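Note sheet for the following structure.
The values are calculated or read from the model by the stated rules, or taken from the named source; none is laboratory data. Remember, predicted model here, so these are calculated numbers, not experimental data. Cβ: placed from backbone, ideal geometry, glycine included. Neighbour counts: every protein chain shown. Ligands, DNA and RNA are excluded from the accessible area calculation, which covers all protein heavy atoms including side chains. Shrake-Rupley method; radii C 1.70, N 1.55, O 1.52, S 1.80 Å.
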Amino acid sequence: MALSVTIRVLFFGLLKDIAGLREEHLLLDEGVRLNDLFGQYAARFPKIRDMRASIVLAVNQQFALDNPELRDGDEVAFLPPVSGGSDRYSHVIEDQMGHFFALTREPIDTASLRRRLLQGSDGGIVLFEGVVRNNSDGRRTLYLDYECYEAMAIRVMADLGREIASRHEVGRLAMVHRLGRMEIGEASVVILVCAPHRKPAFDAALEAINRLKKLVPVWKREYFEDGAVWVEGDWDSSVVGH
């Protein structure tokens, strides 16, 4: 009698859309290797086969640099290119819980975020969009320009978002910040929270935007008819030296 192993397979980003699933469990013959597993999905989904050169595989949350034999209970993740197969996002972190964090220089696609996060167990979605207004302290604003320490900002966003999600009864949380020039009415930052009930979703979204503005290294320059100024805020007290 042939022995078998059970493997949990996870898909992220564009690959999740191609496969039409977030995860599944497979019963495989003992001795199967990682490349064999990839071959099965490549046969089922030709687009995955075509993207082989840009897909990274991970086993038990570690990058797979060779072709290991899969063991019972292993977790295999199919990881797409960092930007999800497009230039929409410059930096992305998406974890196994479904939380999503990104930086972009393009208009933020809230409909896509909604499709990415919403699940059947959710009873509500709270969406916050911080948009560019046309005035500041009585002066007419022409446009804004945002810059940030991108490598650090995406990590801080992810750590912050996961912490907030863990303390509220929510399903998934997304934070997306736009960089570069933004016109009046365009969204500079989006927070989206899915949850079974509305109160935790509202609470998590409010905490997320309030703490993001004090912890994530993003800076705003406001342009007027007679010049431009950097808008100064206050860091959270937890990161200020004493």
- Query: Which one of ARG52, ARG22 is more than 30 Å from ARG181 (Cα to Cα), at pLDDT 85 or above and not hydrophobic (A, V, I, L, M, F, W, C)?
  - Reply: ARG22
- Note on the structure: Flagged in segment 33-68 as closer than 15 Å to ARG8 by Cβ, among the small types (Gly, Ala, Ser) and open to solvent by less than 20 Å² (accessible area, probe 1.4 Å), in numbering order, are ALA58
- Determine, yes or no, whether VAL76 is within 30 Å of LEU118 (Cβ to Cβ), modelled with pLDDT of 90 or more and surrounded by 13 or more Cβ atoms within 10 Å (Cβ to Cβ). yes
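Residue-wise test of (1) out of contact with any Gly (no Cβ under 8 Å at 6 or more places or on another chain); (2) of a type in the set (Phe, Trp, Tyr); (3) touching a residue at least 40 places away in the same chain (Cβ under 8 Å); (4) open to solvent by 80 Å² or more (accessible area, probe 1.4 Å).
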site: VAL176; (1), (2), (3), (4): yes, no, yes, no
site: ARG181; (1), (2), (3), (4): yes, no, no, yes
site: SER188; (1), (2), (3), (4): no, no, yes, no
site: PRO196; (1), (2), (3), (4): no, no, yes, no
site: ALA205; (1), (2), (3), (4): yes, no, yes, no
site: LEU215; (1), (2), (3), (4): yes, no, yes, no
site: GLU222; (1), (2), (3), (4): yes, no, yes, no
site: TRP230; (1), (2), (3), (4): yes, yes, no, yes
- Message: Of everything in segment 116-171, what is hydrophobic (A, V, I, L, M, F, W, C), open to solvent by 30 Å² or more (accessible area, probe 1.4 Å) and either out of contact with any Asp or Glu (no Cβ under 7 Å at 6 or more places or on another chain) or not in a strand (DSSP E or B) (or both)? Give them in sequence order.
- Response: LEU118, ILE125, LEU127, PHE128, ALA151, MET152, VAL156
- Query: Across segment 98-115, which residue is farthest from GLU150 (Cα to Cα) among those that are surrounded by 13 or more Cβ atoms within 10 Å (Cβ to Cβ) and aliphatic (A, V, I, L, M)?
  - Reply: LEU113
- Task: Assess whether ARG71 counts as being more than 30 Å from GLY180 (Cβ to Cβ), open to solvent by 70 Å² or more (accessible area, probe 1.4 Å), of a type in the set (Lys, Arg) and out of contact with any Lys or Arg (no Cβ under 7 Å at 6 or more places or on another chain).
- Result: yes
- Out of (1) within 15 Å of ARG221 (Cα to Cα); (2) touching a His at 6+ places or on another chain (Cβ under 9 Å), the one GLU150 does not meet is (1)
- Could you please find all residues in segment 130-157 being acidic (Asp, Glu) and within 16 Å of the chain's Cα centre (by Cα)? GLU150
